[in-house]
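The values are calculated or read from the model by the stated rules, or taken from the named source; none is laboratory data. Only a predicted model underlies this, so the values are computations on that prediction, with no experimental measurement involved. Here the Cβ positions follow ideal geometry from the backbone for every residue, glycine too, while neighbour counts run over all protein chains shown. Only protein heavy atoms, including side chains, enter the accessible area calculation; ligands, DNA and RNA are left aside. Shrake-Rupley method; radii C 1.70, N 1.55, O 1.52, S 1.80 Å.
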Amino acid sequence: PQTAVAPTPPWDIRVDDAALDAGALRFRDRTVRPSVRLDVSALQLQVQKFNASGKEPANVRFGAKLRSGEVAAGQIQFAGTAAWAPVAAQGKLLLQDIPAHALVPYIADKLNVEVVRADANVDGTVQYRDTPQGPQVQLDADLALEDLRVNTLRGDDGREELLSWKALNLPGVALRMVPGAALQLKVREVG
């Protein structure tokens, strides 16, 4: 009797070490109103043990400056592993002064306020895994929302200041999201 042999893929790509330094990217999404505009500079990416199948995690280091409009650029850094079959990532994440307000148009239809400014900060570890049942997320980090300015939206097209604060600090945040279970969120303190 013959034994069935699993077919081998016709080709594969493996890269031991690849790097991008001093990259730049302009992102514009005009499908939402107002349009989303992000400018990425000082882009650095290093990938080690990359496999095109995406099943084996690659070592990834990523860094960039992120700006929206005239606001000073924030910074993003990630060091860990990533795969895409299924999508999975884990590692150390640092976000400093990321212009979160630039992404509000994606959820604006769900808000009854205008977010004028909000800078997000995250310093901790993150794990994400896409499963057949849904995404699995674990975040252990110190979070902060700085320079928050939110206006009310009145029916007469007027706007009034609703919230304004310099910083909301949430050290010791532990977030767990598992398909089929309630979201778990613990915060050590609020300051």
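Numerical summary
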| read-out | value |
| --- | --- |
| Ratio of Rg to Rh over the stretch 21-89 (Cα coordinates, Kirkwood Rh, two decimals) | 1.08 |
| Spread of Cα-to-Cα distances over 10 Å intervals beginning at zero, given as percent, for the chain | 8, 24, 34, 22, 8, 3, 1, 0, 0 |
| Span from the the stretch 153-191 Cα centroid across to the the stretch 22-97 one, whole angstrom | 23 Å |
| Pairs of Lys in the chain closer than 29 Å at Cα, counting only those 8 or more apart or on different chains | 11 |
| Global geometry of the stretch 125-191, whether rounded, prolate or oblate, following the gyration tensor of its Cα atoms and the 1.5 cut on a/c | oblate |
| Placed amide H near L162: partners under 5 Å, 5+ positions off or other chain | V150, N151, T152 |
| Surface share of carbon and sulfur [accessible, 1.4 angstrom probe, percent] for the stretch 1-93 | 58 percent |
| Å² of accessible area per residue within the chain, as computed with a 1.4 Å probe and no ligands counted | 67 Å² |
| Ranked by how many other beta carbons lie within 10 Å on average, peptides 101-107, 173-179 from highest | 101-107, 173-179 |
| Globularity ratio of the stretch 15-56, using Cα Rg and 2.2 N^0.38 Å | 1.67 |
